[in-house]
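> I am attaching a structure below and will ask some questions about it afterwards.
The values are calculated or read from the model by the stated rules, or taken from the named source; none is laboratory data. Remember, it's a predicted structure, so these values are computed and weren't measured experimentally. Reconstructed Cβ throughout: ideal geometry from the backbone, glycine too, with neighbour counts over all protein chains shown.
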Amino acid sequence: MRTIIPPIKSQGIKTKLVPWINDVILRSGIDISKANWIEPFFGTGVVGLNSQLKGKFIVGDTNPHIINFYNGILSEGITPTKMRAYLERESKLLSTAEEDGYAYYREVKNRFNNSHNPFDFIFLSRAGFNGMMRFNRKGEWNIPFCKKPNRFSPAYITKICNQVSSVQQIIKSKDWEFKNQGFIETIKRAKEGDLIYCNPPYFGRFVDYYNGWTETDERNLFNALSETKAFFILSTWHHNEFRANEMIDNYWNSFNILTQEHFYHSGGHIENRHSIIEALVFNFELSDIVPTKIQRPIQYDLFANQSRDVCPSIATH
């Protein structure tokens, strides 16, 4: 199956690991036709958006901007047409701004930090340095400009709008709920027969995604998943060439673990742009179904046969 890529960019995105995660789910024995998908750390949304489960999708995240964006798609306040109009307008302002575009990037950043406009959120996500997402202690966007004033070329805008269209179709086809809340509240929604997928900030690595992540958080997550009657899968890191994830021995070794090598191209530190051994931790036994190979993500070209005419009105908040 083709992997749907969401329009939000972030370090640590699981795009290339989606087929592996889905293989584990198919080998879990879960009833795909009835199980609800419970995801307490939605992030970019790439794993949940590619899930094959047919039940309700209950999503939480402490990052309000992610939830605001997906609720915008759910309510149709954000559409491919509106996104195209917004990006075409912003691309002109960025390409002609002083300081090779940096002056306008700062303007959008300041505007977003005041208004939390989900369109501005996508702009910053795609124009920030090295595809990173980071906020300061005040909850303000804290990533510098990628230094590419012509970042939003016509082809790039179409790519983003295609992604919005893909996500829109998935959200319309299933029953979704997006909540800005802590992971414990989301996990409590899971019932026996449901599947909880957790992709928390990696302890010792991506801890500045929106909130910090401490060993206390890891322990609380371990306790919550240990007590659940639902199936669960936890994504974390096992080790890299520099060190091992001490949380594996401290907590997760009591469950089943699969590992696979993965390379991260983004990250603020060189250590975070190396090969890493990813781990999937889960509380069930696997069937003997032979898993499929991981496929390269393919982006749907959903605008290929559509008019590029856009509506002049754009949602601004």
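> Answer yes or no as to whether SER51 is out of contact with any helix residue (DSSP H, G or I) (no Cβ under 9 Å at 6 or more places or on another chain) and of a type in the set (S, T, N, Q).
Against the criterion (out of contact with any helix residue (DSSP H, G or I) (no Cβ under 9 Å at 6 or more places or on another chain) and of a type in the set (S, T, N, Q)), SER51 does not qualify.
> LYS172: modelled with pLDDT of 95 or more and either touching a helix residue (DSSP H, G or I) at 6+ places or on another chain (Cβ under 7 Å) or not assigned by TED's automatic domain parsing to the domain that holds ILE21 (or both), yes or no?
no
> Being modelled with pLDDT of 95 or more and under 22 Å from ILE160 (Cβ atoms) is the filter here; which residues of segment 18-43 pass it?
Listed by number, the residues that qualify are VAL18, PHE42.
> Okay, next question. Taking the options SER254, SER266, SER275, name whichever one is small (Gly, Ala, Ser) and modelled with pLDDT under 65.
None of the other options fit; the residue is SER266.
> Name the residue that is nearest to ASN63 (Cα to Cα), counting only residues in segment 218-248 that are of a type in the set (D, E, K, R) and at pLDDT 95 or above.
Restricting to residues being of a type in the set (D, E, K, R) and at pLDDT 95 or above, the top hit is GLU218.
> Now for a different question. For segment 143-250, which fully contained helices (runs of 4 or more DSSP H) count at least 2 residues that are among the small types (Gly, Ala, Ser) and without any contact (Cβ under 8 Å) to a residue 12 or more places away in the chain?
It comes to 154-173.
> Here is a follow-up. Confirm whether PHE145 is modelled with pLDDT of 95 or more and outside the structural domain of LEU234 (by TED's automatic domain parsing).
Yes: the conditions hold for PHE145.
> Within the group ILE170, ILE187, which residue is among the β-branched types (Val, Ile, Thr) and out of contact with any Cys (no Cβ under 9 Å at 6 or more places or on another chain)?
Sole residue among the options that is among the β-branched types (Val, Ile, Thr) and out of contact with any Cys (no Cβ under 9 Å at 6 or more places or on another chain): ILE170.
> Does any residue in segment 23-51 that is surrounded by fewer than 21 Cβ atoms within 10 Å (Cβ to Cβ) come within less than 7 Å, Cβ to Cβ, of a residue that is of a type in the set (Lys, Arg) and assigned to a helix (DSSP H, G or I) six or more places away or on a different chain, and which pairs are these?
Close Cβ pairs (under 7 Å, with a partner that is of a type in the set (Lys, Arg) and assigned to a helix (DSSP H, G or I)) do not exist here.
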